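J.: Please find one structure pasted underneath; my questions will follow.
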Amino acid sequence: LRCRDFDPQDLANMAWAFATGLVVDQPLLSSIAGAVIKPIEAFHPQGLANISWAYATLCIVDVPLLTASSAEALSKLAHFPPLELVNLAWAYAILVFIHSTLIHSIAARAMTLLSGPQPPRAGAVCAEDEIQGFLPRQLAQMAWAFAAWAVRNAPLLEALSAPAVRPCRDFNVQGLANMAWAVATLCYRDGPLIDAISAEARLRSSEFNMQNLANTAWAFAVLGCRDTPLFDAIASASRPCIAQFSGQHLSSTAWAYAVLRIEDAPLLSAISSAALTRLHDFSPQDLANTAWAFAALPLRDRALLASMASASLPRIPECEPQHLANTAWSFAVLRLANVPLIDAIAAEAVATIGDLSPRHLSNIAWALAPLPMQHGPFLDAMASQASATMRDFEPQSLGNTAWSYAVLRVMHEPLMAALAAEALARMGMIEESCCSQELRSTAWSFAVLEVAHGPLFDALASSSRASVGADGVADGVSVAASWLAALSMEAASSFIWTLWRSSHASVAGTTLQAWLAAARKADSMLLAQGAMDLESRRREMRLELQVLKLLHWGSLANLLHDWETWIAKQDRAPAWSRARTMLLPLASGLGQDSSFEFTSLAAYRKVAGLHAHIASRLVGSGARVPAARMLDAIDAYAQGVGQWLKVAGMDKAAVLESALGHVQVREVGVAVEFGAFVGYTSVRLASWFDRHCLTQCCRPTGPRAVSLEVDVVHQAVARHLLSMAGLSPMGEVWSGQVRDVAPRIPEELGAQCSCLAFLDHRGTRFHTDLDLLW
């Protein structure tokens, strides 16, 4: 009631006292605010700073008071000493009060104070406690205020960081955390300052509270500083008090370790346990960031992710686009197909499609593909949105979109047309356009969806031909010095397959030759690209000899019999002829080149062991090995310790034999196997037809059992087993992916020739690949 009877300084002191005691008396503080506005001109810098600090401490936003005090402070800023200047800046930052002129004036005043001599403040222990009149913690507070305002004043940051490096030992722990948070928020990378903060934080991490620990970890992650000793110290200090962390602290800590790929198992386990008990405290952003962190490491914590899915589901409408995309991405990476959650994310994306950026759209689409989940409404809405805004898509978003629709086998003609047009436009702007992963991914997607877009494939082939040259060398310089040599084997294989699938087999051949010559290594999947397209079965046999040598199976390669009985001399259907045109020039010399690395060697330990086992026990003087004896030997080997093999034996074999019992042998029909592996079922199928055809005097002129296999090592082993059993005329192993080779079956052996199909390659593709037989 008597506020107006107090002089300005008394009012400021009263507000300061209530703030110091954290006493929020709203009526009194409202009266004080109203009483000080009129005589605000009488306030000195200390009074202005105190009144602002008090209301900020108590989180009371009184706009008239802030407006009046900021105007008066601006007029007297040249007289503010360091403490009052810092308190003023801190108060306005806490209250999120933005006054651009005042902010820039505060920065200018701070730089003036830091550049000139200032007498020590009364009460300082010694002059070294201060830096140009600022205490160390005040430097951190000033930096924190500008970070909170999101104002990156580089000269001020330089002025604050230079003196802060020397006395980091004088910072309190709050000051260390604040300075780290500020420079990270403003993306100010000052090496000496960051090193000084790290060194001091490592020594004093046990003094940090939960927020200090989380903020320091977050700051170093944002700055990209993978300081392992510091993060070890943060982990050690965090684990004992992890139960006291808030949802935001748990989330930001997990996020920081994931960004820097630091997998501290004890800490992450503690975070998981603590999060399970307080998911109700997590914001949508906290939930999304935590899911992202565990996916990025990756840690497949099923219990945590299931609980997070349940907690996220009702809050999907609150999520920002980035949260939707991150959550969907996380569950996709961990292959956790939580249908209700993903459906809710996709439905929310449809409802807010106009608010989602191209990156968010493509990331959600990408997440649907590996699960796999075809959410029709989202895919339709995204296709329409993307077709209209394709020019805004970044290269990665462009590639992810194309890849997603291809993996999900969703054909949307307007979208594909827009993708092709944009890809062609961008290829014209890039000198070595096929070096772009995104453009290669787009072309691969068109090949998978069987979209015969001639201009796109022709442009890709021309670009590759220009880069590689006609014989794998560009301008006499090894391709090792070009973009091609930088490709991983998986990327090279995908790119070569795209060229082959788009009827550019000759370019695919020279590209494969160039990559092998440059990289000096290969795995079986990459060699399969060549095996699928060799000129003749004779060349295929030479490749198999080299593969056996690469696997170090001793003299086993010499045991290969004359395969002329197996090689059928027949004309190839025109639609398949392109598959026999690509050469593999390195096939004959692969085994003799000691500098060439076969990277898949370790993966075939069991297969090599099985092959050696069969050869040493069953092969003798070239005699034919009975099929039943061979299958028994494989069963016996597979039952040994550490030798388990995924073959269709025991109950599966009985089911297969029963199904074969329903086949009418005299009918023209072929048993087809998708996925030969080591040839166990190939031998069983060929043996069954061999027995029944012999008893019914209906010897076929072609194979009755065909196994499709993409792995070139498995092809060699399966064919060798068929040869050892004398079943090569009855059973064949064809090289390539099912989607590429299956059409060859009706082309060469007749429409509807398949009387039995045994699908043993990939469960997610059974339904689509089976359609290729008819």
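This table checks each residue for (1) open to solvent by less than 20 Å² (accessible area, probe 1.4 Å); (2) without any contact (Cβ under 8 Å) to a residue 24 or more places away in the chain; (3) not polar (S, T, N, Q).
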| position | (1), (2), (3) |
| --- | --- |
| Leu22 | no, no, yes |
| Pro27 | no, yes, yes |
| Ala54 | yes, no, yes |
| Pro64 | no, no, yes |
| Ser69 | yes, no, no |
| Leu74 | no, no, yes |
| Leu77 | yes, no, yes |
| Leu88 | yes, no, yes |
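J.: Would you confirm, using the coordinates I've provided, whether Ala196 is of a type in the set (Gly, Ala, Ser), assigned to a helix (DSSP H, G or I) and either over 41 Å from the mean Cα position of the chain (by Cα) or at pLDDT 95 or above (or both)?
T.: When the stated conditions are applied, Ala196 does not pass them.
J.: With (1) among the aliphatic types (A, V, I, L, M); (2) surrounded by 17 or more Cβ atoms within 10 Å (Cβ to Cβ); (3) in contact with a Leu (Cβ under 6 Å, 6 or more places away or on another chain) as the list, and Leu313 as the residue in question, which single condition is left unmet?
T.: The failed condition is (2).
J.: Here is a follow-up. Could you list, in sequence order, the residues of the range 317-343 that are under 14 Å from the mean Cα position of the chain (by Cα) and part of a helix (DSSP H, G or I)?
T.: Ala325, Asn326, Thr327, Ala328, Trp329, Ser330, Phe331, Ala332, Val333
J.: Considering each residue of the range 460-498, count those that are in a loop (DSSP other than H, G, I, E, B) and modelled with pLDDT of 75 or more, and give that number.
T.: Total meeting the criteria: 2.
J.: Same structure again: Mind checking which residues of the range 169-208 are among the hydrophobic types (A, V, I, L, M, F, W, C) and surrounded by fewer than 18 Cβ atoms within 10 Å (Cβ to Cβ)?
T.: Cys187, Ala199, Leu203, listed by residue number.
J.: Among the residues in the range 255-263, are any acidic (Asp, Glu) and modelled with pLDDT of 95 or more?
T.: No, every residue in the range 255-263 fails to be acidic (Asp, Glu) and modelled with pLDDT of 95 or more.
J.: If you check Val36, Val24, Val63, which single one turns out to be out of contact with any strand residue (DSSP E or B) (no Cβ under 6 Å at 6 or more places or on another chain), within 10 Å of Pro8 (Cβ to Cβ) and either modelled with pLDDT of 80 or more or not polar (S, T, N, Q) (or both)?
T.: Result: Val36 is the single residue among Val36, Val24, Val63 that is out of contact with any strand residue (DSSP E or B) (no Cβ under 6 Å at 6 or more places or on another chain), within 10 Å of Pro8 (Cβ to Cβ) and either modelled with pLDDT of 80 or more or not polar (S, T, N, Q) (or both).
J.: Scan the range 341-376 for residues that are open to solvent by 40 Å² or more (accessible area, probe 1.4 Å) and more than 22 Å from Pro284 (Cβ to Cβ) and jot them down.
T.: Answer for the range 341-376, where residues must be open to solvent by 40 Å² or more (accessible area, probe 1.4 Å) and more than 22 Å from Pro284 (Cβ to Cβ): Pro372, Gln374.
J.: Can you tell me which residue is modelled with the highest pLDDT among those in the range 689-712 that are touching a Leu at 6+ places or on another chain (Cβ under 7 Å) and open to solvent by less than 10 Å² (accessible area, probe 1.4 Å)?
T.: Ala705
J.: Now for a separate question. So which residues in the range 70-84 are of a type in the set (Gly, Ala, Ser) and under 15 Å from Thr112 (Cα atoms)?
T.: Residue satisfying the conditions is Ala78 alone.
J.: Sticking with this one: What single numbered condition from (1) modelled with pLDDT of 80 or more; (2) assigned to a loop (DSSP other than H, G, I, E, B) fails to hold for Gly642?
T.: Single failed check for Gly642: (1).
J.: Just one of Val63, Val86 is farther than 23 Å from Arg152 by Cα and of a type outside the set (Asp, Glu); which is it?
T.: Every option except Val63 fails the conditions.
J.: Would you mind stating whether Val738 is at pLDDT below 85, crowded, with 17+ Cβ neighbours inside 10 Å, of a type outside the set (Ser, Thr, Tyr) and in contact with an Asp or Glu (Cβ under 8 Å, 6 or more places away or on another chain)?
T.: When the stated conditions are applied, Val738 passes them.
J.: Which condition does Ala237 not pass, out of (1) in contact (Cβ under 8 Å) with a residue 40 or more places away in the chain; (2) within 26 Å of Asp195 (Cα to Cα); (3) not charged (D, E, K, R), if it passes all the others?
T.: (1)
J.: Counting just the residues of the range 280-302 that are more than 21 Å from the chain's Cα centre (by Cα) and at pLDDT 95 or above, which one comes out most open to solvent (accessible area, probe 1.4 Å)?
T.: Ranking the qualifying residues of the range 280-302, first place goes to Ser283.
J.: When residues of the range 396-418 are filtered for being of a type outside the set (Asp, Glu) and over 15 Å from Ala365 (Cα atoms), how many remain?
T.: Summing the residues that are of a type outside the set (Asp, Glu) and over 15 Å from Ala365 (Cα atoms) in the range 396-418 gives 3.
The values are calculated or read from the model by the stated rules, or taken from the named source; none is laboratory data. Note that this is a predicted model, so its numbers are computed, not measured. Please note: Cβ atoms are built from the backbone with ideal geometry, for glycine as well, and neighbour counts cover all protein chains shown. Please note that ligands, DNA and RNA were not included when accessible areas were found on the heavy atoms of the full protein model with its side chains. Shrake-Rupley method; radii C 1.70, N 1.55, O 1.52, S 1.80 Å.
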